[in-house]
Amino acid sequence: MEVRIKNLIFLLKNKTINKEAIWSRTSGENEFKIEFNNATITTDMWYIEDKLFYDFAILNENGDTIERISVNTLDSDYDDYMIISDFYDVIKNNYFKVDETIDSILIELNSSAKIGSNKKK
Amino acid sequence: MKLSKVQIYTILIFIIGFLGLYIYYNSLDKTFKNSLNLISIFGSYLSLFGIIMSFYQIYDLKAINDKTQKEVNLSLIKINNILSVSELSKSLKIVDEIQNSLRVNKNELALIRMKDLKYILIQVKHNKDLEKYTNNEEYSNLLVDLSIDISNLSDNIFKPQKTINITKVNSNLENISTKFSELENKLKFE
């Protein structure tokens with residue numbers, strides 16, 4: 001993987017972690033996208049015959065793919081695989097607000113207040 | 001032969017000028033009244049009149065040329081508008097076709113028509129008359145979303161394990177349809 005792409009992924013991952021990036025869903029079942037002024041970045045994940053694939057793509061303003069990096073559990077360079085898969089997980093967790101949801105459950109569990117509600121009330 | 005207003009005015013001005021010079025010649029002292037002076041005065045008048053007429057004709061010709069050019073440009077704009085409206089109507093039909101193909105699981109056919117739709121979206125984006133409506137983020141997103149849908153549908157055809165959310169594709173197509181209807185009406189009525 002090119003150094004500047006690695007750098008791009010690193011910066012975007014940090015922006016996402018800092019909640020400064022707004023991701024949205026696409027028609028791909030597990031795919032997410034983020035829009036820039038003249039480009040769009042997508043990241044995707046899928047299984048084929050027990051192989052786990054991750055994908056990172058950059059599209060220009062006409063929607064043409066100008067860079068695509070696909071990695072999988074068996075055939076890819078280990079470092080590339082870790083970078084893309086880690087990036088995807090960060091985006092997915094950010095989109096579904098995984099950390100906030102778990103933290104909020106933990107706060108409720110650690111408090112002395114009653115949890116849950118009786119819906120038959 | 002019916003003379004135009006300009007021709008009548010020209011003849012009148014010529015005659016009045018001619019008569020004016022005739023009166024002027026008659027009022028001259030007898031010593032100046034000779035055939036050489038007569039030819040000189042009327043010759044100068046004819047030359048001057050000729051030069052003024054030439055200038056006027058050149059100016060008139062330029063005005064006609066400008067008017068013709070304006071008319072040609074207006075016709076071209078009208079033709080372009082008609083073509084754009086027809087392209088937009090065509091793409092609305094293509095959107096319907098794609099949605100029908102997806103409904104009956106004819107994904108290969110839908111993919112071909114989606115590529116046609118993308119081509120029209122790019123073409124409309126570069127249409128000068130529509131530039132003010134298409135040179136924005138909303139339009140770019142339509143194009144990018146369609147491209148992502150094309151890529152996902154193509155992947156789904158060749159790798160069926162890679163699933164696609166057809167509802168989302170239909171929603172994106174609906175957005176294109178709404179935008180194109182809006183553009184079509186703007187071209188027709190504005």
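Each reported figure results from applying straightforward, stated rules to the coordinates on display, with no laboratory input. Everything numeric in this text was worked out from a predicted model, so none of it was measured. Because the Cβ atoms are built from the backbone with ideal geometry, glycine has one as well, and the counts that use them run over all protein chains shown.
A few points about this structure:
- Within 10 Å of each Cβ in B:153-161, the average number of Cβ atoms from other chains: 2
- Using alpha-carbon coordinates, inclination of helix B:35-103 to the longest axis of chain B, degrees: 10 degrees
- Between A:GLU61, A:GLU49, A:GLU31, the GNM of chain A built on Cα springs shorter than 10 angstrom shows A:GLU49 fluctuating the most.
- Charge dipole (the range B:1-79, unit charges on Cβ, about Cα centre) - positive-most of B:ILE15, B:ILE52, B:SER4: B:SER4
- For the protein assembly as shown, the Kirkwood estimate of the hydrodynamic radius, built from every pair of different alpha carbons, is 26.3 Å.
- Rounded to whole numbers, the Karplus 3J(HN,Hα) couplings from phi for the range B:141-151 are 5, 4, 5, 5, 4, 5, 4, 5, 4, 4, 5 Hz, using 6.51 cos²θ - 1.76 cosθ + 1.60 with θ = phi - 60°, and x at Gly and Pro.
- With Cα atoms, 0 to 90° folded angle of helix A:3-17 axis to chain A main axis: 20 degrees
- Top of B:LEU48, B:LEU83, B:LEU12 by mean-square fluctuation, Gaussian network on chain B, Cα under 10 Å: B:LEU12
- Helix A:98-110 axis, angle to chain A major axis (alpha carbon atoms, nearest 10°): 20 degrees
- Cut-off under 5 Å, modelled amide H: who pairs with B:LYS159 long-range: none
- Across chain B, the relative contact order, built from alpha-carbon pairs under 8 Å that are at least six residues apart, equals 21 percent.
- Pairs of Lys residues in chain A are counted when their Cα atoms are under 17 angstrom apart and they lie 8 or more places apart or on different chains; the count is 12.
- In order along the range A:51-66, the phi-based Karplus estimate (6.51 cos²θ - 1.76 cosθ + 1.60, θ = phi - 60°) of 3J(HN,Hα) comes to 9, 9, 10, 10, 9, 10, 9, 10, 10, 7, 5, 8, x, 7, 6, 9 Hz; Gly and Pro are listed as x.
- Compactness of the range A:27-101, taken as the C-alpha radius of gyration over 2.2 N^0.38 Å, stands at 1.14.
- Of all lysines in the structure, the ones whose alpha carbon falls short of 20 Å from that of B:LYS93, not counting any fewer than 8 places away in one chain, are B:LYS106, B:LYS115, B:LYS118, B:LYS125, B:LYS168, B:LYS179, B:LYS186, B:LYS188.
- Selection from A:TYR88, A:THR43, A:VAL3, by position along the positive dipole direction of the range A:3-110 (Cβ): A:VAL3
- Dipole in debye (nearest 20) - chain B, about Cα centre, beta carbon charges: Lys, Arg +1; Asp, Glu -1: 500 debye
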